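Each remark here refers to the structure printed beneath this line.
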Amino acid sequence: MSEINIDSQTPNKIDLLGIATIPQAPPGFKSGFIGIIGRPNVGKSTLMNYLVGQKIAITSPVAQTTRNRLRGILTTPEAQLIFVDTPGIHKPHHQLGEVLVQNARIAIDSVDVVLFVVDGGVEAGGGDRYIVDILSQSQTPVILGINKIDTQPADDAQMLDTTYARVAEANNWKMVKFSALTGDGLVDLQQLLVEKLELGPYYYPPDLVTDQPERFIMGELIREQILLLTREEVPHSVAIAIEKVVEEPTITRVFAAINIERDSQKGILIGKGGSMLKAIGSAAREQIQKLIAGKVHLELFVKVQPKWRQSRTRLAELGYRVEE
């Protein structure tokens, strides 16, 4: 038995960066970084998961799910597209929120193309206009992506599209419609993104789908189940720390701490007779087993860390830092 960072031989493993050989790109090959920007809960993470063909970003009906700038990698015969999934841009209410929004704004100027994702099920609103103002101050090329077209009422679809078409025309942005849930329109989106990229090399091995370590993805999969099962009872005051991963011949043992801010939240997370913690662990374990393609034993512990979202030191300890 040994404690290690998981690195098995299954395809598309998360932590092969620096181990796999990066080949030389063929003539005419394109590559670049694409920032996925938008309000909270417009489907940015769902979109990136669909495009790279694997779940690497958590999704939830709860807004502001994404916290870190997560890179998803799609490599085709003609191009390598590196998607940067950012936290939803919103008015921050605490130190964590300020860090998240600042990181999203930094991403706008550090990518080759911005994909501005909006919710096609509702008309353009104040939150969208706030982001438009930010993007208009940047020199980065922008594509306006209308997501959730599968939710558009037939009678109102044209009216809803028109509110976004005006935004695209006013800023000379190309516009594309799609559904990250069904996949409709994503071929056109991918083609448009490739057209916007310059000639370039492979930045990552062709079979890599993300540059994040598996421990990070494990923590995110656990946090996703907490968001899904507790909803508003324990909203965003949760941070996951993977404390130990032990790989044995037939099973991988994962030990994770769930950090929350108040004692009352601890009771909710544990539940009567440990029922809630068991449900979270069971659902998260299934997702982690898919990630590593092997059997997993998951142990969860709940820790109270008062006001961790307000403390720069605590945020750094839990992996939340302002990006450079």
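Exactly one residue out of 86, 163 is at pLDDT below 90, farther than 19 Å from residue 191 by Cβ and of a type in the set (Ser, Thr, Tyr): that is 86.
Taking the numbered list (1) at pLDDT below 85; (2) crowded, with 20+ Cβ neighbours inside 10 Å; (3) closer than 16 Å to residue 83 by Cα in turn, residue 197 passes all entries but (1). Of 175, 218, all but one fail to be of a type outside the set (Asp, Glu) and farther than 30 Å from residue 258 by Cβ; the exception is 175.
Criterion applied to 188, 207 was being under 18 Å from residue 56 (Cα atoms) and among the acidic types (Asp, Glu), and the one residue passing it is 207.
Of the residues in the stretch 153-170, not one is in the same structural domain as residue 132 (by TED's automatic domain parsing), in contact with a Gly (Cβ under 7 Å, 6 or more places away or on another chain), outside any loop (DSSP other than H, G, I, E, B) and closer than 14 Å to residue 47 by Cα.
When only residues in the stretch 115-134 that are crowded, with 18+ Cβ neighbours inside 10 Å and of a type in the set (Asp, Glu) count, which is nearest to residue 186 (Cα to Cα)? Applying the filter and picking the extreme gives 119.
To keep it simple, each residue is scored yes or no on (1) more than 21 Å from residue 193 (Cα to Cα); (2) surrounded by 14 or more Cβ atoms within 10 Å (Cβ to Cβ).
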{"site": "136", "(1), (2)": "no, no"}
{"site": "145", "(1), (2)": "no, yes"}
{"site": "153", "(1), (2)": "yes, no"}
{"site": "158", "(1), (2)": "yes, no"}
{"site": "172", "(1), (2)": "no, no"}
{"site": "177", "(1), (2)": "no, yes"}
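How many of the residues in the stretch 221-257 are modelled with pLDDT under 85, in contact with an Asp or Glu (Cβ under 7 Å, 6 or more places away or on another chain) and in a strand (DSSP E or B)? Final tally of qualifying residues: 0.
The values are calculated or read from the model by the stated rules, or taken from the named source; none is laboratory data. Bear in mind that the values here come from a model prediction, so they are computed numbers and not experimental data. Note that we place each Cβ from the backbone using ideal geometry, even for glycine, and neighbour counts take in every protein chain shown.
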